[in-house]
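Before any comments, here is the structure.
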Amino acid sequence: MFEIILAIHIVIAFVLIVLVLLQQGKGADAGANFGGGSSSQSVFGSRGSANFLSRTTAVLAALFFITSLSLAYIASKEVKGYKSVVSEQAAPAPKEEVDTDTPVVPN
């Protein structure tokens, strides 16, 4: 389940980035109102109803937040099995194997 939500989350993030970069900022119209062109709106007046890109961005942002919270919840509930190094007893050292086939010659 975690992997599926993560894949959806990554796709939503990518599409959200693309949609934000495609949109024109509010400040782009301000130059036209100061002599750069003719416009019937005031400098920072209403922009009318939201267009398709802005509504899609809002829906994807909401989905992004939902998937973010879902991933955080699932990750917090998974049992990881982490244990403290300090509280655990050390494993006994492996015993050395003594080679009995070769004779030991004293010096």
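The values are calculated or read from the model by the stated rules, or taken from the named source; none is laboratory data. Keep in mind that this is a model prediction, so the values were computed, not measured. Cβ coordinates were reconstructed from backbone atoms using ideal geometry, including for glycine residues, and neighbour counts include every protein chain displayed. Please note that ligands, DNA and RNA were not included when accessible areas were found on the heavy atoms of the full protein model with its side chains. Shrake-Rupley method; radii C 1.70, N 1.55, O 1.52, S 1.80 Å.
Taking Ser49 as the residue in question, decide whether it is open to solvent by 70 Å² or more (accessible area, probe 1.4 Å), modelled with pLDDT under 90, part of a loop (DSSP other than H, G, I, E, B) and farther than 30 Å from Glu78 by Cβ. Criteria met by Ser49. Looking at Ser84, Ser54, just one residue is at pLDDT 85 or above and under 29 Å from the mean Cα position of the chain (by Cα), and that residue is Ser54.
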